[in-house]
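Only one structure is covered here, and it is reproduced in the block below.
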Amino acid sequence: MNLLVRSEIAVVLDDATFERVLNIYPEEELAKKPAFAVALQNGQIEFKTLMDEAGRILIPWQMFFLDPTNLDAELSRIERLRHRASRRLLSKRRGSGSITSKRILDRLVRCQTYLSENHANKSSNRFCGSLKRQSVADAVLTMLEHFAIDMDAFRRKNKRDALAYLVEKIEGGAVNVCQGVLTNKILPHLKASRSVYKNTSGFVIHDEHFPFAFIPSEINPDEREGRQIFTLAFLVALIGLDAYEYQMEQDFKVSLLKARGLRRKAYDIVTELLLPFGHTALLEGAPITFETRDHLSRRYKLTPTAVVVILKKRGLISTAEYEDLLPTPTPGGGKSVARTPSIDLSVRKFNGKYAFEYINADFASQKVTAVQMQYLLFGAINKKGFKQYKAKLGL
């Protein structure tokens, strides 16, 4: 691959290196991006084009200059971190498909590894595994007490505020909640990668000190607040059960109704937490209408589908009523809401409370460099964004 400067060959890059760098995130199909596709076809690319395009895909342009030995070392390092995530056990809930974005996973594992190596307490997080030998009722009480959740206050809020409240409480109980956002160049805006993001739903990365729970927020318009509330509660229940090998399948209705073993217990804990059995028992013998369904959805911050599934699971509606009450799927899912939050809010939401606070503090005390901080929180060098970020936080 000829690297051009003002149309003159400045250096020759290794073709295999060029292609391997573009394949770090194979699900994003970066080699098909027009500038790279043309370069691969013609065997040459302008240096400025390379720098600009590398910035857009959030991969350091310097990686294209690595010799095979150094590139092997860098790619091996990335795979070791990914493997570390699998050793910690990775649990995910599938979104519209079955892909989990390697880019998002890499970013969060990098932050979690930094926290584990630099800020882990000597004792383990006391919530991890605390629900394993408890009944469903006791597990719910443990979650409420550990995270100081006031369910009456939670239910008085609209779904968006209820989700924010739940995130705040869960983070207060030492679980790092990360949310998928596309603003302020936190993730690259590419056609292929957006499809991958939409297919990435909630997942948990296990850690004795800093378990990470990821929910998609704005990256998947199908994931409305009620669905995210259920997802987050389910993932936190998995942390409490030390049951990371279980996951919520794409077909939520089937998985909730037919789950067995620990996965069934996780569902039972979450449904009892969000819509207590005692509350639905009052409906026994009463007609369940669309108005009843929608009232329960609003009050208990669940999707109408989740409400219907829970009622069926508890024997309060027949199969025919269940089929009739299920909402009609909306073609194309929900619509993204355009927001332009400040850069510090985007970074805070994506990386979670603990990564955000510890890494900012370490930068302020000069324990991490500006370059290290940008790779941890932004995923790449972002000079303009980093300048705005520092100014916003007074760093």
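The values are calculated or read from the model by the stated rules, or taken from the named source; none is laboratory data. The model shown is predicted, which means the values in this text are computed figures rather than measured ones. Note: ideal-geometry Cβ built from the backbone for every residue, glycine included; neighbour counts use all protein chains shown. These accessible areas exclude ligands, DNA and RNA; they are computed on the full protein's heavy atoms, side chains included. Shrake-Rupley method; radii C 1.70, N 1.55, O 1.52, S 1.80 Å.
General remarks:
- Sequence-distant residues sharing a close amide H with GLY202 (under 5 Å, placed H): ARG93
- Qualifying trypsin sites (Lys or Arg not before Pro) in the range 172-230, where qualification requires a DSSP coil assignment and no more than 15 other C-beta atoms within 10 Å, comprise ARG224.
- At a probe radius of 1.4 angstrom, the accessible area of the range 152-233 per residue rounds to 33 square angstrom.
- Extending 7 Å from Cα along the Cβ direction at SER135 and again at LEU345 yields two label points whose distance is 4.4 nm.
- Cα gyration tensor shape for the range 270-332, rounded if a/c is under 1.5, else prolate or oblate: oblate
- Among beta bridges that DSSP assigns inside the chain, antiparallel share in %, nearest 5: 60
- Cross-link partners of LYS312 among lysines, defined as those whose alpha carbon lies under 24 angstrom from its own and excluding same-chain residues fewer than eight positions apart: LYS159, LYS253, LYS258, LYS265, LYS301.
- Backbone phi angles across the range 156-171, fed through the Karplus curve with coefficients 6.51, -1.76 and 1.60 (θ = phi - 60°), yield HN-Hα couplings of 6, 8, 6, 5, 5, 5, 5, 4, 4, 4, 5, 4, 4, 5, 5, 5 Hz in residue order; Gly and Pro are listed as x.
- Remark: spin-label model distance GLU117-GLU208 equals 1.7 nm, labels positioned 7 Å along the Cα→Cβ axis.
- Over all directions, the projected convex hull of the C-alpha atoms in the chain averages 21.4 nm² in area.
- Compared with the dominant principal axis of the Cα atoms in the chain, helix 225-241 is inclined by about 90°.
- Net charge over other residues, Cβ less than 11 angstrom from the Cβ of VAL140 (K, R count +1; D, E count -1): -4
- Three-way shape label, the range 99-240, alpha-carbon gyration tensor, a/c 1.5: oblate
- Theoretical FRET efficiency, 1/(1+(r/R0)^6), r = Cβ-Cβ of ILE9 and ASP294, R0 45 Å, to 0.05: 0.10
- Extension gain for VAL371-PHE47 works out to 114.5 nm (0.36 nm per residue, less the C-alpha to C-alpha distance).
- Principal-axis tilt of helix 102-119 within the chain, Cα atoms, nearest 10 degrees: 90
- Long-range amide H partners of CYS178 with built H, under 5 Å: ALA213, PHE214, ILE215
- Cut-off under 5 Å, modelled amide H: who pairs with GLU46 long-range: LEU4
- Principal-axis tilt of helix 136-146 within the chain, Cα atoms, nearest 10 degrees: 50
- Partners of LYS198 within straight-line reach, counting aspartates and glutamates whose Cα lies under 18 Å from its Cα and excluding those fewer than 8 residues away in the same chain: GLU27, GLU28, GLU29, ASP106, GLU218, ASP222, GLU223, GLU225, GLU249, ASP251.
- Dipole size of the chain about its Cα centre, with +1 on Lys/Arg Cβ and -1 on Asp/Glu Cβ: approximately 580 debye, rounded to the nearest 20.
- Tail weight of P(r) past 15 Å, computed on alpha-carbon pairs of the range 1-41, percent: 45
- Cross-link pairs LYS169/LYS191; LYS157/LYS313; LYS32/LYS390; LYS157/LYS353 - those with Cα-Cα distance over 30 Å: LYS169/LYS191; LYS32/LYS390
- Normalised contact order of the chain, rounded percent, pairs of Cα under 8 Å and 6 or more residues apart: 19
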